[in-house]
Amino acid sequence: SARDFRAKHRVQLSEAPTLLKVNESGEFKSGTMVEASESYRIDTFGRIIGISRQALINDDLGAFTDLSRRFGQAAAEFEAAFVVKLMIGATGTGPVMKDGNTLFAAAHGNLPAVGLDLTEDGLSAARLAMRRQKGLSGMPIDVTPRYLLVPAALETRAEKLLAAIRPATSDDVNPHAGKLDLVVDARLDDVSDSRWYLAADPSMIDGLEYAYLEGAPGPQIESRNGFEVDGVQVKIRLDYGAGFVDWRGWFASEGA
């Protein structure tokens, strides 16, 4: 949650320093930790719709009784679209981070120079790149992918790639079965129907973070009876924001 609408700075701490052997006299050597930060902010989004008195009276089928559910669906749709737009960015490789590189970049080790097809070998290469990521102090952090995010055009291929099978030989073993959770979003098809993504478990490493205004999680819905206008006005307000606070837990590749 965010306390206000000012920029929310997310501080990152590096890994703890490597442990060193303590000599016989019991002298401990000092170590340091590196820090960095990314920031984002929440904004207010919303709409108002008016329902006339006559429309309410004529509503025999109860079409206006589930406005809260419809507004909730609209808010969920907005949040998902917001995150996808953020992830893609203006250039298709995500927002610009504090180091001057976009989220997905060769300098970050999470965007290969030559695209990888969504295949067993492609997933293996992407997993290897994530495992070789290094933290702020330059130490290996061994990031493990947890989610495979694909456009709708790649859904069937991804399902086959992650399916559990009963192999007859060791060559038939599917090394990715049960290792990744599949996430499909058709909004990604508008950008590329061959680009796919991997993301690590957020409990392992920071990556994408979103926030609501403190005390107002999710959409807030209010209504009032009109006076100048004979009817009811319904308003939805959403105080929401999101940002990437680290790139090391994400990987993207365009299909070869």
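For the chain, what does -39500 (n - 2.57) per DSSP helix run (n ≥ 4), summed and divided by total residues, give at 222 nm, in deg cm²/dmol to the nearest 500? Please report the intermediate quantities before stating the final value.
Values: 4 runs with 47 residues, N = 256.
Rounded to the nearest 500, the figure is -5500 deg cm²/dmol.
Hey, in the GNM for the chain with a 10 angstrom Cα cutoff, which one of Ala107, Ala216, Ala55 fluctuates hardest? Of Ala107, Ala216, Ala55, the most mobile in the Gaussian network model is Ala55. Ranking Phe82, Ala126, Met139 by how far each Cα lies toward the positive end of the dipole of segment 77-144 (charges on Cβ) leaves Met139 at the top.
Taking 10 °C and 1.306 mPa s as the conditions, I'd like the Stokes-Einstein D for segment 1-66 in µm²/s, using the Kirkwood hydrodynamic radius from alpha carbon pairs. In µm²/s, the coefficient rounds to 85.
Short-range pairs are left out: with C-alpha atoms under 8 Å and at least six residues apart, the relative contact order of the chain is 28 percent. Putting +1 on Lys and Arg Cβ atoms and -1 on Asp and Glu Cβ atoms, find which of Ala186, Leu149, Asn174 reaches farthest to the positive end of the dipole of the chain. Going by the Cα projections, it comes out as Leu149. What a 1.4 Å probe finds exposed on segment 205-254 is 49% carbon and sulfur by accessible area, rounded to a whole percent.
Summed over the residues of segment 203-256 and divided among them, the accessible surface reaches 51 Å² per residue at a probe radius of 1.4 Å. Listed values for segment 229-242 are Karplus-derived 3J(HN,Hα) couplings in whole Hz (6.51 cos²θ - 1.76 cosθ + 1.60, θ = phi - 60°), namely 9, 7, x, 10, 10, 10, 10, 10, 10, 10, 9, 8, x, 8, and x replaces Gly and Pro.
Over segment 1-109, accessible surface divided per residue gives 71 Å², non-protein components excluded, 1.4 Å probe.
Would you mind classifying segment 124-210 by shape? Square roots of the alpha carbon gyration tensor eigenvalues, ordered a ≥ b ≥ c; an a/c under 1.5 is rounded, otherwise it is prolate if a/b is larger than b/c and oblate if not. Spell out each step's value before the answer.
Values: a/c = 2.25, a/b = 1.17, b/c = 1.92.
Oblate.
The candidate values are (1) 49; (2) 36; (3) 45; the one derived from this structure for percent of Cα pairs over 30 Å apart carries the label (3). Given +1 at the Cβ of Lys and Arg, -1 at the Cβ of Asp and Glu and no other charges, the dipole of segment 123-184 around its Cα centre is 220 debye to the nearest 20.
The values are calculated or read from the model by the stated rules, or taken from the named source; none is laboratory data. Everything numeric in this text was worked out from a predicted model, so none of it was measured. Heads up, the Cβs are rebuilt from the backbone with ideal geometry, glycines too, and the neighbour counts pull from every protein chain shown. Side chains included, ligands, DNA and RNA excluded: accessible areas come from the protein's heavy atoms. Shrake-Rupley method; radii C 1.70, N 1.55, O 1.52, S 1.80 Å.
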